[in-house]
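The values are calculated or read from the model by the stated rules, or taken from the named source; none is laboratory data. Everything numeric here is computed off the predicted structure, so don't read it as measured data. Here the Cβ positions follow ideal geometry from the backbone for every residue, glycine too, while neighbour counts run over all protein chains shown.
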Amino acid sequence: MSASGGGKAILAAFLANMGIALAKFIAWFLSGSASMLAEAIHSVADSGNQLLLMLGGRQAKKKADREHPFGYGRERYVYAFVVSIILFSVGGLFSIYEGIDKLTHPHELENAWIPIAVLVVAIVLESFSLRTAVKESNHVRAKGQSWVSFVRHAKAPELPVVLLEDIAALTGLVFALFGVGMTVITHNPVFDAIGTLMIGTLLILVAITLGIETKSLLVGEGATDADHDRIVDAINDGPEVEKIIHIKTLYLGPDELLVAAKLGFASDAPLVHIASDIDRVEARVRAAVPAARIIYFEPDVYRPGDDATPPTSEFVIKSTD
């Protein structure tokens, strides 16, 4: 997995979640806390999610073949979408179910100090995991870009997934600590059930957010506005092209951008010169946007009226490469 894929962040989150899950299950078994059980299931789901993200990264490295001529880069999007479904079902819905069950069948906590101690240690460990994810994200996050914008527009799905998982994990731990703590203080087990319901609601909201963002990547997203402008400027930054008639972009994977365009050249330009001109334009585009690894330019003679947006079928264009 590439650095941009957040391999360190995924590994750190996986190791933290495995250890935390074991401790939470022990604390639940000894105390009977519903919040601890919900948090234990949450950590198990997160551990499975990190394995899926790592598997998706490995699958995406497979070489292109006749069946998948543009490669397997979108495998990372598929696995990230599966992660959102697991987080929703295994984490969120189970926690909601457990919380409702404890509301209808409340019982006192036993050895309450054990889940409290586990939760405090888990908060520390999850904080280190989140710190690693933030450091990894800062390597690829644009200068001045907000975290909300980073999660919404990142083309590599792993880092946003791990970031949201870690934030949800820390928030969930606070909810669990609230539920257990209030139960100890008031001797009312309803607070433990409320903490469980809060954890379930949080996980469902995070899962929906991840599902929406990864669905957009699966459907197909084009270049960001900044990269689109860089591509256009690179094409126009020379005497070769008279007019960009139309241009379309599509991410085939987190690190691979397809650029397709119809370019207007001088009507009297020899074919051999046009071929050389296209090579120079391609070199400028790749230098401006390194992710633009697959480029198809269709040469044409620019005529007034060619500026209109072409039908979708024109996306299948000829390559001069």
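Does Arg58 qualify as being loosely packed, with under 15 Cβ neighbours inside 10 Å and part of a helix (DSSP H, G or I)?
Considered against the rule, which asks whether it is loosely packed, with under 15 Cβ neighbours inside 10 Å and part of a helix (DSSP H, G or I), Arg58 comes out as yes.
What pairs can you find where one residue is in segment 66-83 and in contact (Cβ under 8 Å) with a residue 12 or more places away in the chain, the other is basic (Lys, Arg) and part of a helix (DSSP H, G or I), and their Cβ atoms are less than 8 Å apart, with a gap of 6+ or different chains?
Cβ pairs passing all conditions: Phe81/Lys215.
Among the candidates Val184, Val140, Val162, which residue alone is modelled with pLDDT under 85 and surrounded by fewer than 24 Cβ atoms within 10 Å (Cβ to Cβ)? Steps first, please.
Numbers: Val184 fails: modelled with pLDDT under 85; Val162 fails: surrounded by fewer than 24 Cβ atoms within 10 Å (Cβ to Cβ).
The unique qualifying residue is Val140.
Name the single residue that is modelled with the lowest pLDDT among those in segment 26-37 being surrounded by fewer than 19 Cβ atoms within 10 Å (Cβ to Cβ) and among the aliphatic types (A, V, I, L, M).
Across segment 26-37, the extreme among qualifying residues is Leu30.
Of the residues Gly71, Gly92, which single one is under 17 Å from Ile41 (Cα atoms) and modelled with pLDDT of 80 or more?
Answer to the check: Gly92.
Could you check, for segment 173-183, whether at least one of its residues is more than 30 Å from Leu250 (Cβ to Cβ), aromatic (Phe, Trp, Tyr), assigned by TED's automatic domain parsing to the domain that holds Gly48 and without any contact (Cβ under 8 Å) to a residue 24 or more places away in the chain? Give the steps one after another, and end with the answer.
The first filter runs over segment 173-183 and keeps only residues more than 30 Å from Leu250 (Cβ to Cβ), leaving 173-183.
Right, trim to aromatic (Phe, Trp, Tyr) and you get 175, 178.
When the remaining residues are screened for being assigned by TED's automatic domain parsing to the domain that holds Gly48, the result is 175, 178.
Subsequent filtering for residues that are without any contact (Cβ under 8 Å) to a residue 24 or more places away in the chain retains 178.
For segment 173-183, residues more than 30 Å from Leu250 (Cβ to Cβ), aromatic (Phe, Trp, Tyr), assigned by TED's automatic domain parsing to the domain that holds Gly48 and without any contact (Cβ under 8 Å) to a residue 24 or more places away in the chain: present.
Checking the conditions here, which among Ala40, Ala23 is in contact with a Phe, Trp or Tyr (Cβ under 6 Å, 6 or more places away or on another chain), modelled with pLDDT of 80 or more and either over 23 Å from Ser216 (Cβ atoms) or in the same structural domain as Ile295 (by TED's automatic domain parsing) (or both)?
Details: Ala23 fails: in contact with a Phe, Trp or Tyr (Cβ under 6 Å, 6 or more places away or on another chain).
None of the others qualify; the one that does is Ala40.
Looking only at helices (runs of 4 or more DSSP H) that fall completely inside segment 77-182, which ones have 1 or more residues that are among the β-branched types (Val, Ile, Thr) and more than 26 Å from the chain's Cα centre (by Cα)?
Fully inside segment 77-182 and qualifying: 94-104, 113-140.
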